[in-house]
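A quick write-up on the structure given underneath.
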Amino acid sequence: MTWLKEKLGTEKAIIAMCHFDALPGDPHFDEEGGMEKVIEHAKADFLALQEGGVDAVMFSNEFSLPYLTDVHTETVAAMARIIGELKPFIKIPFGVNVLWDAKKSLDLAKAVDAIFVREIFTGVYGSDFGLWNTNVGETVRHQKQIGAQNVKLLFNIVPEAATYLGDRDIISVAKSTVFNNRPDALCVSGLTAGTETDANTLKIVKDVVPNTVVFANTGVRLNNVEEQLKIADGAVVGTTFKKDGVFENHVDQARVKEFMDKVKAFRNQLHS
């Protein structure tokens, strides 16, 4: 039994991404529409996900492109406002991801009562965003200092758009990450958002750390969700739920429901 059952209500859990539009300070922020338009879009997307039957939602500043690794205060403030305005409508568990700043993800989680965060907590990378360093020891001490010990940490161990600077294989990364950091979950990704997580890589990770929750982090679709969930403990799903399966579009509730109906049937088969 994993913490997924206790916190998200089920094993083989689906965490849906609620992607916020570009925010104040971001290059593509819609000054004319302002925060009201961002909130309107976020509310519509969130309700489509919740009513479509997902197990949990993760709010992220997905359109703050290109991403920072030291996120500015205005981004966190804007995200807190959006989630605060959505709070009366939220009936399912939720987490947050401030791309890509682990400490600020924890700050936001504490402020809005999120139960998990997903981040790049460990490693040094050559990435689209420059040299990308982390400091997990400092991050988890910050977690304790702000009283966020109950926030579950989902470690993204194969960052999108980045490569380990050291020559390390996925087995070494998974083993050492679990040994040194005791993550609540490992997230295994494809190259970019919407790119399928390699099933073989997923299996290697799960086999080497069988007692740790492992999520397929990108590219889970209607046609591969059963294959992925046979290996993984759950999946983080974003692009699949959008109109026509296109990253830039907004959530299509019919696609969410069709996907979740298939997931629920799969879970029923496991228990029958």
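The values are calculated or read from the model by the stated rules, or taken from the named source; none is laboratory data. These numbers come from a predicted model, not from an experiment. In this analysis, Cβ positions are derived from the backbone assuming ideal geometry, glycine residues included, and neighbour counts consider all displayed protein chains.
Evaluate the following for PHE63: is it hydrophobic (A, V, I, L, M, F, W, C), under 14 Å from MET17 (Cβ atoms) and in contact with a Cys (Cβ under 9 Å, 6 or more places away or on another chain)?
no
Which ones in segment 205-219 are in a helix (DSSP H, G or I) and either in contact with a Lys or Arg (Cβ under 9 Å, 6 or more places away or on another chain) or touching a residue at least 12 places away in the same chain (Cβ under 8 Å) (or both)?
VAL205, LYS206, VAL208, listed by residue number.
Return the residues of segment 63-77 that are buried (at least 16 other Cβ atoms within 10 Å of the Cβ) and farther than 13 Å from SER105 by Cα; say none if nothing qualifies.
The answer is PHE63, SER64, TYR67.
Answer yes or no: is there a residue in segment 8-22 that is assigned to a helix (DSSP H, G or I) and within 30 Å of PRO210 (Cβ to Cβ).
yes
Would you say LYS230 is surrounded by fewer than 20 Cβ atoms within 10 Å (Cβ to Cβ), under 24 Å from LYS7 (Cβ atoms) and of a type outside the set (S, T, N, Q)?
When the stated conditions are applied, LYS230 passes them.
Considering segment 135-173 alone, what residues qualify as being crowded, with 20+ Cβ neighbours inside 10 Å, in a loop (DSSP other than H, G, I, E, B) and modelled with pLDDT under 90?
Once the filter is applied, which keeps residues that are crowded, with 20+ Cβ neighbours inside 10 Å, in a loop (DSSP other than H, G, I, E, B) and modelled with pLDDT under 90, segment 135-173 yields VAL158, PRO159, GLU160.
Which residue, of ILE157, ILE146, is touching a Lys or Arg at 6+ places or on another chain (Cβ under 9 Å) and among the β-branched types (Val, Ile, Thr)?
Sole residue among the options that is touching a Lys or Arg at 6+ places or on another chain (Cβ under 9 Å) and among the β-branched types (Val, Ile, Thr): ILE146.
Scan segment 174-194 residue by residue and report those that are touching a helix residue (DSSP H, G or I) at 6+ places or on another chain (Cβ under 7 Å) and outside any strand (DSSP E or B).
ALA174, LYS175, ASN181, PRO183, ASP184, ALA193, GLY194
Any chance you could count how many residues in segment 174-195 are hydroxyl-bearing (Ser, Thr, Tyr) and modelled with pLDDT of 95 or more?
Of the residues in that region, 2 qualify.
Any idea which residue in segment 23-58 is farthest from PRO210 (Cα to Cα), counting only those that are among the acidic types (Asp, Glu) and in contact (Cβ under 8 Å) with a residue 40 or more places away in the chain?
ASP26
Could you say which residue among LEU229, LEU202, LEU222 is aliphatic (A, V, I, L, M) and assigned to a loop (DSSP other than H, G, I, E, B)?
Just a single option satisfies the conditions, and that option is LEU222.
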